[in-house]
Amino acid sequence: RVCESLDDALKFAEDILIARVDPRLQNFSLTDPSFRAEDDTDAINLTVDEERHRAKCYLKDLLEYFPDERTNECDFLSTSVDLIVSMMVREEYKQDNILWEQGAESGSLKIIVSGDLVSVIEETGASEPVARGNVVGELGLVHGTKRLTTLMCSSPKAVLYSLDTESWNRLKKDHPKVASLIDEVVIRYLAHRVQHVANRYFHTTLPV
């Protein structure tokens, strides 16, 4: 295969390497609209209950994308998603609002329920869009790393549901099996892919 640019060649090579390790990851993309659980056309008119339902759909879709012996248990997965989202706090941002700055301490994981964000590396100005349906901040919450990029709202409005450190610690203590879904599924695959791509071509894809 002949690629038109170095970036395209790196993406192609990365996909081949990932497919050799786990074919389920080959078509996974943080910014691919097909990963979104629902259309965002009427997001501005959602009630809080509808927002929470959407957050559950997004999280469940993410967990089902990387199934294991636990996520194959339908009742366990649904109950776990309900519990996780019930511990989350609703947050609303306007365009150009900064969610966190690069180098800041990490204190939460967030699900983008509606709207869009952009992740920016301060040193280079390189940016990457982050669409609704994605989880951000999971690496910092679980592993305690500082924020790797600045994250800001790029749409007129964005609604996120946030799991803070206190709630995460309580989840680990009271429901370790549920907490392990975030630890072993989201971190193992989502953060690994973003970090791997960032290491290969720093100016194109960014960790959040």
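The values are calculated or read from the model by the stated rules, or taken from the named source; none is laboratory data. Please read these numbers as outputs of a predicted model, since none were measured by experiment. Because the Cβ atoms are built from the backbone with ideal geometry, glycine has one as well, and the counts that use them run over all protein chains shown. Note: accessible area is taken over every heavy atom of the protein model, side chains too, but ligands, DNA and RNA are not part of it. Shrake-Rupley method; radii C 1.70, N 1.55, O 1.52, S 1.80 Å.
Apart from one condition, GLU128 fits all of (1) in a loop (DSSP other than H, G, I, E, B); (2) open to solvent by 30 Å² or more (accessible area, probe 1.4 Å); the exception is (1). Among residues of region 131-153 being in a strand (DSSP E or B) and under 12 Å from the mean Cα position of the chain (by Cα), the one that is nearest to ILE98 (Cα to Cα) is VAL136.
For region 77-89, the criterion of being assigned to a loop (DSSP other than H, G, I, E, B), at pLDDT 95 or above and open to solvent by less than 50 Å² (accessible area, probe 1.4 Å) is met by at least one residue. Contact map, region 51-80: first residue under 21 Å from SER114 (Cα atoms), second residue modelled with pLDDT of 65 or more and of a type in the set (Asp, Glu), Cβ cut-off under 7 Å, separation 6 or more or different chains; pairs are LYS56/ASP82.
Applying the set (1) more than 26 Å from ASP49 (Cβ to Cβ); (2) part of a helix (DSSP H, G or I); (3) open to solvent by 20 Å² or more (accessible area, probe 1.4 Å) to SER106 leaves exactly one unmet item: (2).
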